[in-house]
């Protein structure tokens with residue numbers, strides 16, 4: 001068992017993909033639980049896999065129904081996408097007899113967040129639907145994130161795997177991984193199992209321990 005030197009919250013988006021179950025089994029074998037920001041259209045195709053994830057102690061979050069740009073669609077359409085996926089997630093948790101621990105959302109795509117009125121309308125919809133910002137601990141966001149409209153009820157990341165690379169090394173000029181506290185890591189579910197494992201293995205070897213926010217921790221249901 002490797003010693004834990006730094007901590008991170010693992011968030012995985014755009015699934016469930018076809019190899020979703022293999023990734024869940026890999027994470028389970030390493031004692032890692034993640035927040036999966038799922039697309040509604042993908043959930044409809046992989047309901048059993050999502051049920052298995054919940055039963056294994058993972059958390060299913062909302063990423064809208066399809067990969068729409070939430071900065072260009074109407075507020076009504078944005079809310080419709082959130083609600084449609086929300087109902088799917090509610091149904092999944094009901095089928096497992098596990099209480100949905102928290103409603104969490106990540107934008108599928110947000111090309112332009114500078115329209116403050118539009119952005120505020122989406123945040124209001126999230127608030128009305130019961131979405132919350134998880135209790136991530138000891139996170140030091142970059143100054144541009146602290147000062148921008150990115151701070152709201154949606155979940156962002158502090159480290160993208162495109163920034164980390166397969167060896168989890170920071171790019172020139174970027175903040176070193178874990179240098180200012182815990183991290184919120186982003187991985188896309190569309191990458192295949194092999195690079196997914198290489199990436200996580202490299203992080204584990206560097207002494208990264210993976211957490212869930214305290215309100216998401218719950219015993220897995222018995223199979």
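The values are calculated or read from the model by the stated rules, or taken from the named source; none is laboratory data. Since the model is a prediction, treat every value here as computed from it, not as a measurement. Neighbour counts are summed over all protein chains in view; Cβ atoms, including those assigned to glycine, are modelled from backbone coordinates with ideal geometry.
The table below gives the values:
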| quantity | calculated |
| --- | --- |
| Matching residues, region 188-197, being exposed (fewer than 14 other Cβ atoms within 10 Å of the Cβ) and part of a helix (DSSP H, G or I) | 194, 195 |
| The listed residue being part of a loop (DSSP other than H, G, I, E, B) and modelled with pLDDT of 95 or more, out of 33, 84 | 33 |
| Residue selected from region 102-121 under the condition in contact with a strand residue (DSSP E or B) (Cβ under 8 Å, 6 or more places away or on another chain) and not in a loop (DSSP other than H, G, I, E, B), by the criterion surrounded by the most Cβ atoms within 10 Å (Cβ to Cβ) | 105 |
| Scan of region 198-223 for residues that are part of a helix (DSSP H, G or I) and either modelled with pLDDT under 55 or within 21 Å of residue 13 (Cα to Cα) (or both), ordered by number | 198, 199, 200, 201, 202, 203, 204, 214, 215, 216 |
| Complete set of residues in region 1-30 that are part of a loop (DSSP other than H, G, I, E, B), surrounded by 16 or more Cβ atoms within 10 Å (Cβ to Cβ) and without any contact (Cβ under 8 Å) to a residue 40 or more places away in the chain | none |
| Subset tally (residues that are in contact (Cβ under 8 Å) with a residue 40 or more places away in the chain and more than 21 Å from residue 188 (Cα to Cα)) for region 73-91 | 5 |
| Filter result (within 21 Å of residue 86 (Cβ to Cβ) and modelled with pLDDT under 90) within region 129-164 | 152 |
| Yes/no for residue 94 being within 16 Å of residue 53 (Cα to Cα) and without any contact (Cβ under 8 Å) to a residue 12 or more places away in the chain | yes |
| Residues that are within 12 Å of residue 122 (Cβ to Cβ) and within 18 Å of the chain's Cα centre (by Cα), drawn from region 70-93 | 70, 81, 82 |
| All positions within region 47-69 that are at pLDDT 95 or above and not in a helix (DSSP H, G or I) | 56, 57, 58, 59, 60, 61, 62, 63, 64, 65 |
| Number of the condition not met by residue 99 [criteria: (1) more than 21 Å from residue 151 (Cα to Cα); (2) assigned to a helix (DSSP H, G or I)] | (2) |
| Sole exception among (1) more than 21 Å from residue 24 (Cβ to Cβ); (2) in contact (Cβ under 8 Å) with a residue 60 or more places away in the chain for residue 102, by number | (1) |
